[in-house]
Amino acid sequence: VAFFGAQLQHRLGSRRKEALRLGCIGLAAHHRLEGGADQFVHLARPFGGYLADRLGGLKVLLLLFPVIAGFALGIGQLPGLTWSILLMTLAVATMGFGNGVVFQVVSDRFPKHIGLASGLIGAAGSFGGFLLPTWLGWLKDATGTYRSGFFLFAGLSVAAALSVEVAMQRKRLAA
């Protein structure tokens, strides 16, 4: 979930004509092309890693995933242009922040295999980033709106938070 922000912005933004037909979501992607909102993804990443170093990566992820879900639910309401741009920018920045956190977690969980683990996680994030806009398109075709796709993404974010909670419980039991 945390890796999808950059891919979502790149995939939506790379189809400029298509993006302009998407309504408010397309206009947010168009803003990305014009204003570089995707840079927030990359700029937020080191701050996520820094906070994860201080507080613990799993604790930070447990807080971030519901925030991402909230932004996805907000975008799913298909608000006007200003709110769409704001929510999309905040959502992808939060995902970028989470991206930095995930790499801190990887270094803690797999210290002897950090290269392999980082490569696998990066590949999974890129694949997920490819799937998310594709699913948004399929769900738009099936339901006539992007709302269902963003609600699904919010659900996936909540599921990710629950998986972090399970990992934290296992870590406590093992200690």
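The values are calculated or read from the model by the stated rules, or taken from the named source; none is laboratory data. Just so it is clear, the structure is predicted and the values come from calculations on it, not from any experiment. Cβ sites come from the backbone with ideal geometry, for glycine too, and all protein chains shown count toward neighbours. Accessible surface areas use protein heavy atoms only, side chains included; no ligands, DNA or RNA. Shrake-Rupley method; radii C 1.70, N 1.55, O 1.52, S 1.80 Å.
List of remarks:
- Take each peptide in 119-128, 58-67, count the other Cβ atoms within 10 Å of every residue, and average; sorted highest first, the result is 58-67, 119-128.
- Among the protein heavy atoms of the stretch 27-175, carbon and sulfur supply 70% of the accessible surface, probe 1.4 Å, non-protein parts ignored.
- Förster-model FRET efficiency, 30 Å R0, Lys112 and Arg170, C-beta, rounded to 0.05: 0.95
- Taking 0.36 nm per residue of sequence separation and removing the Cα-Cα distance, the Asp53/Ala123 pair yields an extension gain of 22.9 nm.
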